[in-house]
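Structure record follows, encoded as structure tokens.
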Amino acid sequence: MAKIAVIGLSGQSIFMHLDDFPIPSVTTHVKSYYEEPGGKGYNQAVACNKLGCNVSYLSRIGNDYYGKYCKEYMESLDIKTFFIKDLEEKTALATILISKNGENEVVVYPGASKNLNDEDLGIFKEEIYDADVLLLQYETNIDILKKAISIAKEAKIVTILNPAPAIYDDQNILESVDILTPNLEEAKKLYCLPYHINIDDMGKYLAKKVRNILIITLGDKGCLLVKDKKYKYYPAFKVKALDTTGAGDIFNAAFATMIAKENSIDKAIRYAMAAAALSVTKPYVINSIPNNDEICKFLKLYNLKQKY
Ligand code: ADP
């Protein structure tokens, strides 16, 4: 079975439903709330597992209730977990505000996730050697990410970095991975693109600049692939979006799963776009991860009769 190693942030996500986002100095009452474990890496690891990959996951949690819950939930799935307990820091916590239009605003306390260290990576090294793909995001310690990428290079496995949130603009790390998957806002920040830029101009500019494979996810517009000095635009599947939180995580997981299973980039993108489109029709993140059958049925519906 294809194997993916994931390093990421684990914490509790609290989703709050309201009509409009709050304005400063005005208290806003929410209509309802929902909790699930999460974090970009956490969601991606759970989704890779649901889509039929062998998954190993490294993360740091606090010695508290939320950390215990993150660990127990993931251990109830068939994921090989490496949760390191941090006695100094709390487990990460995120608040996600969802407006009546399905838009979201997210604030994250990264907590213990930022303290991932060399010793932790040492414990995980064999898992990277054993994997087909290493999947990373920007929610943990950047020095450890760099070291993990070096191990993956030694092991000659595919490295995928979802540079989200775009808090680091280290060009060396961007150039050191095989595949990059920012969303549009992250891509603008990382490549210093103008705020108003159309997809063609962005493709032309990045095709000259980027040496590795770059996939920019564009929300309900789909995504842009930049590869071998060319670019290709993939329009999104049309669905009725209910909650777009975590669409990028599900896109990344489904894409990484297809790459680990040795599919082409083109096939992996279409599959990932279908998985993410299905996910936005359901609320929350972990709750909205589709399975392989649902994705294949959806793709068939769109007359993309390919065998996955
Ligand atoms: P992120 O969640 O990281 O901001 P995006 O919003 O770009 O990522 O979404 C990731 C992918 O999910 C998109 O490339 C697209 O394929 C799919 N997607 C997101 N929103 C929608 C939508 N409203 N309808 C259809 N597909 C969507």
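In table form, for the structure just shown:
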| read-out | value |
| --- | --- |
| Per-region count, region 82-117, residues in a strand (DSSP E or B) and not aromatic (Phe, Trp, Tyr) | 15 |
| Hits in region 77-114 (condition: under 20 Å from the mean Cα position of the chain (by Cα), over 23 Å from residue 54 (Cα atoms) and polar (S, T, N, Q)) | 91, 95, 104 |
| Within region 284-305, considering residues that are more than 17 Å from residue 251 (Cα to Cα) and of a type in the set (A, V, I, L, M), the one modelled with the lowest pLDDT | 304 |
| Some residue of region 245-263 being open to solvent by 60 Å² or more (accessible area, probe 1.4 Å) and either over 30 Å from residue 33 (Cβ atoms) or modelled with pLDDT of 95 or more (or both) | yes |
| From the options 259, 215, 286, 265, residue that is within 18 Å of the chain's Cα centre (by Cα), within 11 Å of the ligand (Cβ to nearest atom) and either touching a residue at least 12 places away in the same chain (Cβ under 8 Å) or over 23 Å from residue 45 (Cα atoms) (or both) | 215 |
| Filter result (of a type in the set (Asp, Glu) and in contact (Cβ under 8 Å) with a residue 60 or more places away in the chain) within region 66-110 | 103, 105 |
| Matching residues, region 14-29, being in a loop (DSSP other than H, G, I, E, B) and open to solvent by less than 50 Å² (accessible area, probe 1.4 Å) | 18 |
| Test: residue in region 230-243 that is open to solvent by 10 Å² or more (accessible area, probe 1.4 Å), under 18 Å from residue 42 (Cα atoms), within 13 Å of the ligand (Cβ to nearest atom) and assigned to a loop (DSSP other than H, G, I, E, B) | no |
| Matching residues, region 139-162, being assigned to a helix (DSSP H, G or I) and not hydroxyl-bearing (Ser, Thr, Tyr) | 142, 143, 144, 145, 146, 147, 148, 149, 151, 152, 153, 154 |
| Which numbered condition residue 165 fails, given (1) crowded, with 16+ Cβ neighbours inside 10 Å; (2) modelled with pLDDT of 95 or more; (3) in a loop (DSSP other than H, G, I, E, B); (4) not small (Gly, Ala, Ser) | (2) |
| Selected residue [open to solvent by less than 70 Å² (accessible area, probe 1.4 Å), away from the ligand (no atom under 16 Å from the Cβ), under 22 Å from the mean Cα position of the chain (by Cα) and modelled with pLDDT under 95] from 178, 170 | 170 |
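The values are calculated or read from the model by the stated rules, or taken from the named source; none is laboratory data. Note that this is a predicted model, so its numbers are computed, not measured. Don't worry about glycine lacking a Cβ; one is built from the backbone with ideal geometry, like all the others, and counts go over all protein chains shown. Note: accessible area is taken over every heavy atom of the protein model, side chains too, but ligands, DNA and RNA are not part of it. Shrake-Rupley method; radii C 1.70, N 1.55, O 1.52, S 1.80 Å.
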